[in-house]
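*Asks:* Please find one structure pasted underneath; my questions will follow.
Computed from the coordinates by the stated procedures, all read-outs in this text should not be read as laboratory data. Just so it is clear, the model here is predicted, and its values are computed rather than measured. Reconstructed Cβ throughout: ideal geometry from the backbone, glycine too, with neighbour counts over all protein chains shown.
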Amino acid sequence: MIQILKSGRSEVRHIRNRIWSSLGLKPKMRIPPNLLDKYTMGGAVAVHYLYCDNTKSSPTSYNKAIVDSTIEKVLAHQCGEYGAVDLWIYDAIAKYPVTGKRVAIIGSADQGHGPWYEAVCLAYGGSPTTVEYNEIEFGDLRLTAIHPVQLENHGMQFDAAFSFSSFEHDGLGRYGDPINPDGDLEAMALWRSYLKPGGLMYLTVPIGADKVVFNAHRIYGRARLPELIKNWQVVDTFGFEERLFDRDTQLGWRPTKADGTLMHPEYPEYAPVFVLRNTQSL
């Protein structure tokens, strides 16, 4: 998960949340009443509650042996935390290569599979830089990490970016980030300035009937998905079907059973992969 911060008020919120985390204070359990209309887009998005606390006080550490082991799994076309969706991700990267490119990995989580999408990038010939709110220690010179605030101040640009299960968390507070109804939309828009003109964003987010499952994640449907990818050119999709918008994903990001609205029971909500082009300054 990643939180993109701007200067001023957002920076104050960032400092505040870091202090709260250090004091052991928990993320909010309910949407503040004054923000409910914004979170629901005026009633177009349903609200459910599923509380999560993924704030961290200690860094995640990886060594070269772990990275090499994860790369071997990727080269064998094994699947990580999100299941068979990785097969569509492999297809997307094979069709739109990242060989020799500087690639931002937006958010990182081990989840028992190692630094999975960093390894995907390396396996396909890219040079990854992880952009992550929580601290990461890479004991491998092929990998590097940068905090979102540092990224904003550094002014670097990337050739491409991977965002797999990331933006749907922004602004919900699950990871200690500031509460912000449009945190996901603002983060997605800001990444247009971090990608070179013409650069590609490889994106997955949960697709189904519009809902915010606070504070866990958002599900993107006909109302919010167009807002998320506004001003990006959709180059290609993998696994996307229009009727995905009609399925009820319930509270989770991985349904426990097929109910007639899930076309591929082996795929979680993250199944569709979008390849987007940054048209800014083209």
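*Asks:* Taking a threshold of 31 Å on the Cα-Cα distance, which of the pairs K26/K196; K28/K230; K101/K230 fall above it?
*Replies:* K26/K196
*Asks:* Taking H placed 1.01 Å from N in the peptide plane, check which residues at least 5 places from N215 or on another chain put their amide H under 5 Å from its amide H.
*Replies:* Answer set, sorted by chain and number: L50, Y51, C52.
*Asks:* To make sure I understand, if each residue's beta carbon is the centre and we count other beta carbons within 10 Å, what order do Y194, Y124, Y220 fall in, fewest to most?
*Replies:* Y124, Y194, Y220
*Asks:* Starting with the fewest neighbours, write out M41, M188 ranked by other beta-carbon atoms found within 10 Å of each beta-carbon.
*Replies:* Ordered from fewest to most neighbouring Cβ atoms within 10 Å, M41, M188 come out as M41, M188.
*Asks:* Would you mind ranking R243, R30, R142, R102 so that the residue whose beta carbon has the fewest other beta carbons within 10 Å leads the list?
*Replies:* Going from sparsest to densest Cβ surroundings: R243, R30, R142, R102.
*Asks:* Does the range 164-248 classify as rounded, prolate or oblate by the C-alpha gyration tensor (a ≥ b ≥ c root eigenvalues; a/c under 1.5 gives rounded; else a/b over b/c gives prolate, otherwise oblate)?
*Replies:* oblate
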